[in-house]
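Asks: Questions regarding the structure given below will be posed in turn.
Please treat every number below as a calculation from the coordinates, not as lab data. All of these numbers come straight from a predicted model, not from anything done at the bench. Cβ placement follows ideal geometry from the backbone for every residue including glycine, while neighbour counts extend to all protein chains displayed.
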Amino acid sequence: MKLPPKKILLYTDTTLVGGAENHIFNLVRFLDREKFTPIVMCCGHKNLDEWSKKIRETGTQVIRLI
């Protein structure tokens, strides 16, 4: 029996794109989607608009906090 993918929440609390955010981006790009379903959570600051768009383009759900 095949198990469903495990959900993983990746969270950043900064308003800037830096090393941690680049690492999160690489994680969601290269995680085995048969084993894991990543979800990214970050603040709603405009500095993260382009970054969160790139995350969504990988097919990953992004939750923006106000």
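Asks: Averaging sequence separations of C-alpha pairs under 8 Å and six or more residues apart, then dividing by the length of the chain, give the relative contact order as a whole percent.
Replies: Once normalised by length, the contact order is 38 percent.
Asks: Next question, about the same structure. 5 Å is the cut-off here: which amide hydrogens, built 1.01 Å from N in the peptide plane, fall below it relative to ILE8, excluding neighbours closer than 5 in sequence?
Replies: The list, which skips near neighbours in sequence, is THR37, ILE39.
Asks: Which of the listed residues, ILE39, LEU65, ILE55, is farthest toward the dipole's positive end in the chain, when Lys, Arg count +1 and Asp, Glu count -1 at the beta-carbon?
Replies: Of the options given, the answer is ILE39.
Asks: Give me the number: length gained by fully extending ASN22 to ASP49, i.e. 0.36 nm times residue separation minus the C-alpha to C-alpha distance, one decimal in nm.
Replies: This chain segment gains 8.3 nm when fully extended.
Asks: Continuing with the same structure: Scan (1) 5.6; (2) 4.2; (3) 4.7 for the value of mean projected area of the Cα convex hull in nm² calculated from this model and give just the label.
Replies: (2)
Asks: May I ask for the angle, rounded to the nearest 10°, between helix 19-30 and the longest principal axis of the chain, with both axes built from Cα atoms and the value confined to 0 to 90°?
Replies: That works out to roughly 30 degrees.
Asks: How many lysine pairs are close in the chain, with Cα atoms under 15 Å apart and the two 8 or more places apart or on different chains?
Replies: Working: LYS2/LYS35; LYS6/LYS35; LYS7/LYS35; LYS46/LYS54.
Step by step, the pairs that qualify in the chain add up to 4.
Asks: So if each residue of separation counts as 0.36 nm, and I subtract the Cα-Cα distance between GLU57 and ILE8, what length gain in nm does that give?
Replies: Here the answer is 15.9 nm.
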